[in-house]
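A.B. asks: Take a look at this one; I'll ask things after.
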Amino acid sequence: MEIYSFDNVTMLVNERPITGYAEGSTIKIEDNEDSILPKVGLDGAVSYANNSNRSAKITFSLAQDSASLPRLRQLLQSRTTFAVVVRDATPGSGFMLQAENCAILKMPPIERGKEISSGEVIIYVPRADLQ
């Protein structure tokens with residue numbers, strides 16, 4: 001049995017690694033819609049349809065001093081799409097997500113205070129096929 005370590009997880013945005021994750025942060029990949037769409041008829045019979053929408057969101061938090069924040073803000077301001085790779089190399093439970101034509105939906109607010117703050121970044125993935 002392998003012991004999980006975040007050291008096995010990497011994320012590349014526009015071919016550059018993301019660094020400076022906030023303490024306690026996770027990388028969450030979540031489908032935008034259900035994969036199966038149930039339909040219930042008047043008589044209670046149930047039918048299922050496959051949902052062809054395979055889009056997802058990747059959500060993660062970065063510390064305010066993360067070197068990745070300026071690059072991500074630059075990508076957002078340029079209004080261009082980019083490639084994303086998320087890879088977990090843990091033997092037995094790892095995966096890889098490779099996606100093109102992604103876009104930043106949300107950047108964290110700019111906050112300054114006594115302590116280092118963190119903020120959430122959300123990236124839209126048009127087609128999230130895990131390998």
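The values are calculated or read from the model by the stated rules, or taken from the named source; none is laboratory data. What you see is a predicted model, and the numbers here were worked out from it, not measured in a lab. We place every Cβ from the backbone using ideal geometry, glycine too, and count neighbours over all the protein chains shown.
A.B. asks: Quick check on segment 33-53: of everything there that is small (G, A, S) and farther than 29 Å from V125 by Cβ, which residue is surrounded by the fewest Cβ atoms within 10 Å (Cβ to Cβ)?
C.D. replies: Restricting to residues being small (G, A, S) and farther than 29 Å from V125 by Cβ, the top hit is G44.
A.B. asks: Considering only segment 57-89, how many residues are farther than 27 Å from E111 by Cβ and either surrounded by 14 or more Cβ atoms within 10 Å (Cβ to Cβ) or not hydrophobic (A, V, I, L, M, F, W, C) (or both)?
C.D. replies: 4
A.B. asks: Any chance segment 28-46 includes a residue that's closer than 28 Å to K114 by Cα and either in contact (Cβ under 8 Å) with a residue 24 or more places away in the chain or out of contact with any Gly (no Cβ under 7 Å at 6 or more places or on another chain) (or both)?
C.D. replies: Within segment 28-46 (the criterion being closer than 28 Å to K114 by Cα and either in contact (Cβ under 8 Å) with a residue 24 or more places away in the chain or out of contact with any Gly (no Cβ under 7 Å at 6 or more places or on another chain) (or both)), the answer is no, since none of the residues qualifies.
A.B. asks: Being modelled with pLDDT of 95 or more and either closer than 28 Å to G119 by Cα or within 11 Å of the chain's Cα centre (by Cα) (or both) is the requirement here; does R54 meet it? Before the answer, list the steps.
C.D. replies: On the way: modelled with pLDDT of 95 or more: no; either closer than 28 Å to G119 by Cα or within 11 Å of the chain's Cα centre (by Cα) (or both): yes.
Against the criterion (modelled with pLDDT of 95 or more and either closer than 28 Å to G119 by Cα or within 11 Å of the chain's Cα centre (by Cα) (or both)), R54 does not qualify.
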